[in-house]
Structures are given as C-alpha cells and as structure tokens.
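Nothing in this text is a laboratory measurement; each read-out follows from the coordinates by a stated rule. Remember, predicted model here, so these are calculated numbers, not experimental data. Cβ: placed from backbone, ideal geometry, glycine included. Neighbour counts: every protein chain shown.
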Amino acid sequence: MRQPTARPFTLFVTCASLLIACGQTNTTQTPTASSTTSPSSAASPTASSAGTLAAIPIGIGVAQTSNVALLGQEEVAGAKIAEKYFNDKGGIDGTPIKLVFQDTGGDEQGAINAFQTLINQDKVVGIVGPTLSQQAFSADPIAERAKVPVLAPSNTAKGIPQIGEYIARVSAPVAVVAPNAVEAAMKQNPKIKKVAVFFAQNDAFSKSETETFQKTVKDKGLELATVQKFLTTDTDFQSQATNAINIQPDLIIISGLAADGGNLIKQLRELGYKGIIIGGNGLNTSNVLSVCKALCDGVLIAQAYSPEHENEVNKAFREAYRGQFKKEPPQFSAQAFTGVMVFVEALKAVNAKSKVTTQPLADLRTNLNSQLLIGKYDTPLGEISFTPEGEINQKAFYVAQIKMDADGVNGKFVFLK
Ligand code: 1QQ
C-alpha cells in the first residue's frame, strides 16, 4: 500500500490552517473572473516556503463598476497609493502587503459576492469596503460571521459599527460631518429661513443623512418647509424640483448619490432656483462635475478630509495623488488610503507579538481586529482612533464649495476658511 509522503501532508495541513497563499499550490482554488489585482503588484501572493507568507493579502471590496463607481474608483486610487507607499517603506517588517480587489458593483448582492470571494477564496486578513452603507448592511454581516475585520472607507450611515465586533469605520458618520455644511450655508447667507430637503428613499446612507440634515435645520431654528423624495435611479426630477421651488426656499439640501444628485442640482438650477444648495456625502466627488457642469457652481459639501492637512503621511499621499491625477486628492481616496494604513499599522503591532507570516489565518484575523481597535493612527485624515465599538474618533472636519471654471466643464472643490 502506498503511503502518502510527509511533505504533501505537511503542505495540506499548512494550507488548511493558514488558508492564505495556498491558492498557487492548491488547484481547487482558482481566482474568479472579476478578481483583479493592483498593477503595482500583479503577482499573486505566494508562499515563500511551506507555511510562510510572501505577501499579506488585504481585500479591497469597493464599487469599480455601476453608477457607484463614480465614488468607488476614487477609493481604488487611494488604496493603490497606500499599497505602494507602505510597501516602499518595507511593508510589515519586510513582508509586503498585497491588495486584492473584488468589484462590488453598486448593489447589495455584488457586495455580498465580493466579500465572500475575498474571505473564502482570496483569504484576505481584512477588508476595506464596501462603498455604500446600503451595501454594508448586507455584506458586513458575512464578514462578521467569518470573523474577518472590516474597515468601512465610506459608510457614514447611523449604525455601521454596531453591525458587529469586526466592523469599524474610517469614515466619520453623517451625524458629525453633515451639520458643518448647514453652518457654512448660514454663514454665507444669514437670512436663510425656509429650507427644502431632498433625499433618495432607496438608499440607507441618504435616509440616515437626511435625518441629520432635517434635525440640524430644526435645531438651528430654520423652517423645514418641504421634504421631497426620489430614487438613486431617477433621472427626471421635474415634479419634486417644481414642488420645492414653489415654496421659495432659501436653501436646498440634497442627500443622494453622484449621478442622481448631480442631475437634481442641474434641474433645480434650470428651473430657476437661485439659492444655496448643499450636497451630501454622496455628491462628494469631482465626478459630479460632469453631470451638473457649470450649474454645479457654488454647491457646498462637508468634508472629512482636507488635502492641506499638515502631517508627513498626508504630504506624501497628496504628492503621490497629484503626481498621478493632476488634481487634489478627494476625501474618498484619503479614506481608502487610511483604511489600508490602519491595517498596515495594526499588522505591524500584531507582528511584534507573533509573526503574521506564520499565524493561522483565523488567529491573525482576530488578533488584527483586536489590535486595530486599540491603536492610534496619524493618517491623512489627521489623528484617529476607534471606540471599542469601532466608531472612528476624528477631530477635524471641513466644508468645501464647488468652483467651476469659465469653461463650465472643469472645476474644483475650494475649502472654506
Ligand atoms: C454611505 C456614503 C456614501 C455616499 C459614500 C460613497 O457615505 O453610503 O454611507
């Protein structure tokens, strides 16, 4: 009778327990068609010898396709800059990180599929994603059950860290970010009285953000004159826009995503609205400029990031982003960079106690989660830390105003003092 040799047996046990880096040797694990890797590190993680990792795989599960890619592509850019930046600095004490990208598309099922692939097939140590809160409420419970740490790069709705022990966010919640825009609007026009609020009723973030905006309006003694609803898939806003304009508001506040929000701004202006417009976090991308063009001019948007933040890592991040894209880095890129950074710093701290290249994957995921929650990080967003529940502690917030160039095509976010 043939006896199995010791070596394949050892390898099998190693793959089953370590789970990572065995995709190359275990032929039952093949990448899906949608799996992509960063061009800066196209090689897959490989075991440098049986049982040790040559690279630490971190999952990036954000929207690379669909309308939500208007937001998600900025996250891809930020994550890739972080991968290069931290690997140039030596990775995790000499072992590089390797980002594994899975496209979530714009809906819940896409996010669930991407998370499952990252967890079960790509064997990542943690995930930065998804793009929308609407997706997080469906996909995060999968990571929670698998005990895989998630850092939300852009999930700002109420209730995200409360999804579970393994869910934290580097994206400050709407409750602390959004009111800053209302204050800025009141400063620009102290005569504001009547406010019209719009929100996308099929999106969890938009519903959460509008609650904050509506509360802020009332708390500031303004009149919440009308609340208009739409869908993120809508393109025609004539009836809601007309309803709002008829009550002659001095301020209009929009909670939606980039494409719908941009079209709504455009149609409000075309119908003659001249007052201030506040856009929520879903409009916080220069990708909105190609939707509302010259009519985007003047829109106020609260920010959880300023390109001018003075610390070493932000200077490096800003320089890398500007070198590549010839413009200032946007908030979603900075938040994705920060997500990768928190994993890197926490992995280093874990490594100091027990080598991350040889820990069983389940242990590493759990140790990483505990560690990241207790660390302090000096990031492009400034100094951050987490509450035990996974909520971000962040100090500085800003408001920017869209300033369109005379050509009506190009424009920028100007940060208000
Ligand atoms: C959320 C958001 C999105 C608009 C960011 C892309 O803040 O879904 O929570």
> Here are some residues: Ala196, Ala204. Which one is more than 16 Å from the chain's Cα centre (by Cα), in contact (Cβ under 8 Å) with a residue 12 or more places away in the chain and more than 28 Å from Asp363 (Cβ to Cβ)?
Replying inline: Ala196
> Which one of the conditions (1) within 16 Å of the ligand (Cβ to nearest atom); (2) surrounded by fewer than 24 Cβ atoms within 10 Å (Cβ to Cβ) does Asn243 fail to meet, given that it meets all the rest?
Replying inline: (1)
> For Lys123, which of the numbered conditions (1) more than 13 Å from Gly390 (Cα to Cα); (2) under 9 Å from the mean Cα position of the chain (by Cα) fails to hold?
Replying inline: (2)
>> I need the full set of residues from the range 264-281 which are under 12 Å from Leu295 (Cβ atoms) and more than 16 Å from the ligand (Cβ to nearest atom), in order please.
In response: Lys266, Gln267, Leu268, Arg269, Glu270, Leu271, Gly272, Tyr273, Lys274, Ile277
>> Being in a loop (DSSP other than H, G, I, E, B) and either in contact with a helix residue (DSSP H, G or I) (Cβ under 7 Å, 6 or more places away or on another chain) or touching a residue at least 24 places away in the same chain (Cβ under 8 Å) (or both) is the filter here; which residues of the range 299-350 pass it?
In response: Val299, Ala304, Tyr305, Ser306, Pro307, Glu308, His309, Asn311, Lys327, Glu328, Pro329, Pro330
> What tally of residues in the range 118-138 results from selecting those that are outside any loop (DSSP other than H, G, I, E, B), in contact with a strand residue (DSSP E or B) (Cβ under 9 Å, 6 or more places away or on another chain) and more than 12 Å from the ligand (Cβ to nearest atom)?
Replying inline: 5
>> If I ask for residues that are under 14 Å from the mean Cα position of the chain (by Cα) and within 12 Å of the ligand (Cβ to nearest atom), which ones from the range 141-169 would you list?
In response: Ala152, Pro153, Ser154, Asn155, Thr156, Ala157, Ile160, Arg169
> In the list Lys123, Lys98, Lys84, which residue meets the criterion of being out of contact with any Phe, Trp or Tyr (no Cβ under 8 Å at 6 or more places or on another chain), over 30 Å from Asn263 (Cα atoms) and crowded, with 24+ Cβ neighbours inside 10 Å?
Replying inline: Lys98
> For Val150, are the conditions met, namely being touching a residue at least 60 places away in the same chain (Cβ under 8 Å), farther than 19 Å from Leu257 by Cβ and buried (at least 23 other Cβ atoms within 10 Å of the Cβ)?
Replying inline: no
> Is it the case that some residue within the range 367-386 is assigned to a loop (DSSP other than H, G, I, E, B) and closer than 24 Å to Glu165 by Cα?
Replying inline: yes
> Filtering the range 170-200 down to residues that are within 14 Å of the ligand (Cβ to nearest atom) and in a loop (DSSP other than H, G, I, E, B), which residue is farthest from Ala79 (Cα to Cα)?
Replying inline: Ala178
>> Exactly one condition in (1) within 14 Å of the ligand (Cβ to nearest atom); (2) among the hydroxyl-bearing types (Ser, Thr, Tyr); (3) within 21 Å of Lys193 (Cβ to Cβ) is false for Ser286; which is it?
In response: (3)
